[in-house]
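Throughout, read-outs are computed from the coordinates displayed, never taken from laboratory work. Values in this document were obtained by computation on a predicted structure and should not be read as measured data. Because the Cβ atoms are built from the backbone with ideal geometry, glycine has one as well, and the counts that use them run over all protein chains shown.
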Amino acid sequence: MHTEFDAELPSKWSCFDIGGGNGTVSLAIQEGGFDVCLLEPEIAGVRDAMQKGIGTVICSTFDAADFSKGGLPAVGLFDVLEHIKDDGEFLTKIRDALEPRGKVFLTVPAFEFLWSEADDNSGHYRRYTSKRLSTLFDKIGFKVLYVSCFFTVLIPPIFLLRSIPYKFSMHRSDPDWRHQHHQDKRGISGSLLLRCMRWEQFMIKHQKAMPFGSSCILVAEKCDVTDL
C-alpha cells in the first residue's frame with residue numbers, strides 16, 4: 001500500500017542522508033532499491049559506511065558541501081536535528097537546497113521528560129513532540145505530510161533507568177557512549193523491540209499517528225510558491 005508521501009515518487013530516486021553516521025540507515029535505504037548518498041562529517045563514520053558498501057559517501061558537513069539551491073530531491077535527517085543549536089536556521093538551509101516538492105524524512109528523540117545523561121553525552125539541544133515539529137516545519141515553509149511518535153515500548157525503560165536517575169544525580173558517565181551511539185542493537189532486547197515495532201510499522205504505513213513514544217518521525221514536503 002502506497003502512502004500519500006511516497007505515491008508520487010518513482011521506483012528509483014535519490015535520497016541524501018545528512019549526518020548519517022556509520023551508514024546503518026543509508027544501507028537500509030540502499031537495500032530497499034533506492035539510490036542514496038551519505039553525507040557524514042566524521043571520518044570514522046565514513047569509513048564504517050564505506051565498509052558496509054554504501055555506494056556514495058561524502059565526508060563533509062552540510063554547509064561545507066555547498067549544495068546548489070533547488071537541486072536535492074529528498075533529504076533524510078535521522079536523529080540529526082536535535083544536535084543542531086539553531087534548528088530553524090538549519091531547516092531553512094535544507095528547504096533552500098530541496099527541489100520543488102522535495103521531501104524531508106526525519107526522526108528525532110521525543111519528550112523532554114525523557115531527558116537523561118545520554119542526551120548530554122550525545123550533544124543534544126532538545127527533545128521534540130509531534131506538535132513542536134509540525135509548528136517548526138509549517139513556519140519554515142514545509143507541508144507536513146505525516147508526523148507521529150514511535151518506539152512506544154521504550155518510554156518506561158528510558159524513564160525509569162535513565163531519566164529518573166539523571167534527575168536525582170544517580171547517573172554515571174559511560175566512557176564508551178560514542179562507540180555505542182547509533183549502533184545496531186542485538187540480543188534478546190533487540191528481538192523484543194523488533195516484535196513491538198511490527199505494530200508501529202503497520203501504523204506508520206497506514207499514516208496513523210501514535211501519541212506516545214521515545215522518538216518522533218516526520219515526513220514533510222517543500223511548499224510550492226503557490227502553496228504559500
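What to note about this one:
- Peptide ranges 45-58, 16-29 listed from the most packed, as the mean C-beta count within 10 angstrom indicates: 16-29, 45-58
- Temperature 10 °C, viscosity 1.306 mPa s: under these conditions the Stokes-Einstein estimate for region 67-227, based on its Kirkwood radius over C-alpha pairs, is 93 µm² per second.
- Derived scalar couplings ³J(HN,Hα) [region 43-54; Karplus, 6.51 cos²θ - 1.76 cosθ + 1.60; whole Hz; x for Gly, Pro]: 5, 4, x, 4, 5, 4, 5, 5, 5, 6, x, 5
- Straightening the chain between residue 42 and residue 224 buys 62.1 nm, computed as 0.36 nm per residue apart minus the Cα-Cα spacing.
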